[in-house]
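Before any comments, here is the structure.
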Amino acid sequence: MDFLACSGCAGVGKIKSDSGRFGDPMKAFLLAAGHGTRLRPLTDTVPKCLLPIRGVPMLEIWLQSCVRAGIREVLVNMHAHADLVRDFVKGSKYGDRVRVVEEPELLGSAGTLRCNREWVQSENEFWVFYADVLHRVDLSAMLRMQQSRGLTATIAVYRVPDPQRCGIVDVDRDGVVREFVEKPLNPRSDLAFAGLLVARPALLDAIPDKYPVDIGFDVLPRLSGNMLAYEVSGYLVDIGTMENFHRAQATWPGTSSTERTAEVSSI
């Protein structure tokens, strides 16, 4: 195994390159280091990313999605229960694609990117996924939008009933994000960041030099005018609450490469 160290985070992983289905092979950050406090007592002994949805761990669902999208390498960051995730990855048929990075102190969602920037610095584009988002978004279509327009990033967005709780975008008629505000008191729209983004390495230069540092609060507002919004309307649920976790058990239709269902639950 390779061993990594970076500003308080240390990781292990063995990487195998592979040809991607859509264009060049790509890399993805799968952000999974949160405590999962709203899912206690389930997360007292099991990390949120290993909680099962209809019998399949969330991490397994995510790795299946990454393989279908042509992603050859996945970096999963962890804080609590990192050993359980390492053991799961070792036993997974996708394990040779995965690097597990442990953060003894939480770096924040953007801090993980900054700490591991050399891993993606030479890529044309790379993905960032919030691991507690269960979805059937067409990632290949989202990537095509990003590559055709050439801005720094493209973020998936969806309509929510409670925009004060989310990262909200104001979008012009060409799909360019004019403004991004995390948890606004007076939202200008109901389009919320869905926890999925694809970006060029230039995004890394927008991350402030501090820890912890957050994608929604600290990075995406800096990309206003240089970021696209990809609106999704199909299945997307954040399992971060017990209510949504139970909803997912009843509604998850299984993995698919395209969107066909209409279930959307607020992050």
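The values are calculated or read from the model by the stated rules, or taken from the named source; none is laboratory data. Because the structure is a prediction, the values reported are computed rather than measured. Note that each Cβ is placed from the backbone with ideal geometry, even for glycine, and that neighbours are counted across all protein chains shown.
For the reader, a short list of remarks on this structure follows.
- Cβ pairs under 7 Å, 6+ apart, first in segment 146-165 and farther than 25 Å from Arg200 by Cα and among the aliphatic types (A, V, I, L, M), second in a loop (DSSP other than H, G, I, E, B) and modelled with pLDDT under 95: Val160/Cys166; Val160/Asp190; Val160/Ser266
- Residue within segment 103-111 that is in contact with a strand residue (DSSP E or B) (Cβ under 6 Å, 6 or more places away or on another chain), charged (D, E, K, R), more than 10 Å from Ala32 (Cβ to Cβ) and buried (at least 23 other Cβ atoms within 10 Å of the Cβ) present: yes
- Residue match in segment 138-155 (condition: in contact with a helix residue (DSSP H, G or I) (Cβ under 9 Å, 6 or more places away or on another chain), surrounded by 20 or more Cβ atoms within 10 Å (Cβ to Cβ), modelled with pLDDT of 95 or more and not β-branched (Val, Ile, Thr)): yes
- Residue list for segment 70-93, filter: surrounded by fewer than 22 Cβ atoms within 10 Å (Cβ to Cβ) and either touching a residue at least 60 places away in the same chain (Cβ under 8 Å) or under 21 Å from Val237 (Cβ atoms) (or both): Gly70, Arg86
- Taken over segment 217-231, the criterion of being assigned to a helix (DSSP H, G or I) and surrounded by 20 or more Cβ atoms within 10 Å (Cβ to Cβ) is satisfied by Val219, Leu220, Leu223.
- The selection criterion, being under 17 Å from the mean Cα position of the chain (by Cα), modelled with pLDDT under 95 and of a type in the set (Asp, Glu), does not hold for Asp218.
- Across segment 232-250, not a single residue is classified as in a strand (DSSP E or B), under 19 Å from the mean Cα position of the chain (by Cα) and closer than 19 Å to Val171 by Cα.
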